[in-house]
Amino acid sequence: MYGDEQTLTRRESRVIVIPDGTPMVLPAGTSVRIAQALGDTYTLVTPRGQMVRLDASDADVIGKEPPAAPAEKEGEKQGDSSLEDRVWAQLRTCFDPEIPVNIVDLGLIYDCTLSEPDALGQRTAQVKMTLTAPGCGMGQVLADDVKKKLEGLAGIAVAEVEVVFDPAWNPNMMTEAAKLQLGMF
């Protein structure tokens, strides 16, 4: 969703300022515009034009229901879908807070490899990702999202996420679908 729904915050909440990534407290009663509601985060715009990121776990702040925790389907746990496919699907649930496109289609994921299973059948996911701009303060926030989501998958014990800047990201790294979605054709 990318929109312009206006609402008042119902309680004080911790948010992250976009694009510098610093935490701040958004007071109760603040008028905000819900600019983006994708993945499990909301991008809000304050009356002064400041963009902030609100976790879906705090959706009640803007009068929304927190989304249900994504549960893996029993069949997927048993092998209906490969772990690699489920990892990539999970990566597609992470969104840039300023651009309504997931980080895979934006071309921010440079590499994702899975280790061999350990004695318990668990694997390590190693991810190399980048940002649309090297100075973006949201890098650690996005990396933490990736880590949390991958470690929530059955079969992944640890996710190691490295933010890299070589090669530098450019719009040509986006998928055709992302370019179309953003009107770049």
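The values are calculated or read from the model by the stated rules, or taken from the named source; none is laboratory data. Treat the numbers as computed from the prediction; the structure is a model and nothing was measured. Backbone-built Cβ (ideal geometry, glycine too); neighbour counts: all protein chains shown.
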Practice task
Return the residue satisfying two criteria in turn: it lies in segment 69-83 and is modelled with pLDDT under 95 and of a type outside the set (G, A, S), and of such residues it is surrounded by the most Cβ atoms within 10 Å (Cβ to Cβ).
Solution key: E76
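Residue-wise test of (1) surrounded by 15 or more Cβ atoms within 10 Å (Cβ to Cβ); (2) under 27 Å from K149 (Cβ atoms); (3) of a type in the set (A, V, I, L, M, F, W, C).
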site	(1), (2), (3)
D4	no, no, no
L8	no, no, yes
I18	yes, yes, yes
P23	no, yes, no
A28	no, no, yes
S31	no, no, no
L38	yes, yes, yes
P47	no, no, no
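If only one of D105, D118, D111 is more than 22 Å from A35 (Cα to Cα), in a loop (DSSP other than H, G, I, E, B) and not assigned by TED's automatic domain parsing to the domain that holds G21, which one is it?
After applying the criteria, what remains is D118.
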Problem - Positions within segment 140-155 being assigned to a loop (DSSP other than H, G, I, E, B) and either crowded, with 16+ Cβ neighbours inside 10 Å or in contact with a Phe, Trp or Tyr (Cβ under 7 Å, 6 or more places away or on another chain) (or both), in sequence order - result: L153, G155
Fill in the blank from the handout: The condition of being aliphatic (A, V, I, L, M), in a helix (DSSP H, G or I) and modelled with pLDDT of 95 or more holds, among V61, V17, only for V61
Handout entry: Candidates G183, G137 - the one that is surrounded by fewer than 20 Cβ atoms within 10 Å (Cβ to Cβ) and touching an Asp or Glu at 6+ places or on another chain (Cβ under 7 Å)
Key = G137
Exercise for the section: Could you tell me which residue of segment 23-41 is nearest to E65 (Cα to Cα), considering only residues that are assigned to a loop (DSSP other than H, G, I, E, B) and small (G, A, S)? Expected result: G39
Practice task
Please go through segment 41-69 and pick out each residue that is without any contact (Cβ under 8 Å) to a residue 24 or more places away in the chain and of a type outside the set (S, T, N, Q).
Solution key: Y42, V45, P47, R48, G49, D55, A56, A59, E65, P66, A68, A69
